[in-house]
Amino acid sequence: MTLTSKPNLRRFMVLIPIFLLMITFGVIMGCTDTETPSEQNSESIQILSGAIDVEGKGISITFTDNESNKNDMRYIVHDEDIIAVVNQLNAAGAEVISINDEWLISTSKIKANGMSIKVNNNDYNSPFIIKAIGDPDALSDALKADKSYVGLLRNDVGVKIEKEDKLLIPKYKENIYFRFAKPVKN
């Protein structure tokens, strides 16, 4: 039996590599048999913009003012402390970060407002609970590294770091407006 005498067999042998290539592409793109790349991209955009609640493993960090020395500014949690820790978490690969259940997006603001800290458009006082979804070991190691910012903070304020199997971060609660960025029209 030769391949030329069996056209269906020849066609079948050509289709097998094409089929395997399609499966490999789907695996590389992270697609399942029920999810197209377009659907996965849409979900990623929703997560990136904070449009949906998310859950996953990661760490929670609780910062508290030092109650015994609250009159000394060194012993209270400042906006710069929160910003430095958020930056460390981003550098360590955190996928989603919240402060007191306020999802941080690219336009989020963290700034002092008297004795409280404003996150997005809401004021919070101690304690500050930062949740970060990502690899718990990598995130925790980054914060516990020698001479890390959190290591320095431990001398002045309360710091508690916990690895979590399941963190819930609620969706971003504010409206998002862009004054200058506009979509390109074809």
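The values are calculated or read from the model by the stated rules, or taken from the named source; none is laboratory data. Please read these numbers as outputs of a predicted model, since none were measured by experiment. Cβ atoms come from the backbone with ideal geometry, glycine included; neighbour counts cover every protein chain shown. SASA here: full protein model, heavy atoms, side chains in, ligands and nucleic acids out. Shrake-Rupley method; radii C 1.70, N 1.55, O 1.52, S 1.80 Å.
Scan region 141-157 for residues that are in a loop (DSSP other than H, G, I, E, B) and not polar (S, T, N, Q) and jot them down. Hits for region 141-157 are Ala145, Asp146, Lys147, Arg154, Asp156, Val157.
Within region 39-87, if we keep just the residues that are open to solvent by less than 50 Å² (accessible area, probe 1.4 Å) and among the acidic types (Asp, Glu), the residue that is modelled with the lowest pLDDT turns out to be Asp65. In the set (1) farther than 22 Å from Ile176 by Cα; (2) buried (at least 18 other Cβ atoms within 10 Å of the Cβ); (3) not charged (D, E, K, R), Ser108 fails one condition alone, (1). Annotation: of all residues in region 158-180 being among the basic types (Lys, Arg) and assigned to a loop (DSSP other than H, G, I, E, B), the one that is modelled with the lowest pLDDT is Arg179. Within region 83-100, residues that are on the phi > 0 side of the Ramachandran plot reach partners that are open to solvent by less than 30 Å² (accessible area, probe 1.4 Å) with beta carbons closer than 8 Å, at six or more positions or on different chains, in the pairs Gly93/Gly134; Gly93/Leu139; Asn100/Val119; Asn100/Phe128.
Listed here are the residues, each with its yes/no results for (1) surrounded by 12 or more Cβ atoms within 10 Å (Cβ to Cβ); (2) not hydrophobic (A, V, I, L, M, F, W, C).
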| residue | (1), (2) |
| --- | --- |
| Ile99 | yes, no |
| Glu102 | yes, yes |
| Phe128 | yes, no |
| Gly134 | yes, yes |
| Ile161 | yes, no |
| Asp165 | no, yes |
| Lys173 | yes, yes |
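Close Cβ contacts (under 6 Å, 6 or more residues apart or on different chains) running from residues in region 51-73 that are more than 21 Å from Ile99 (Cα to Cα) to residues that are outside any strand (DSSP E or B) comprise Asn69/Tyr75.
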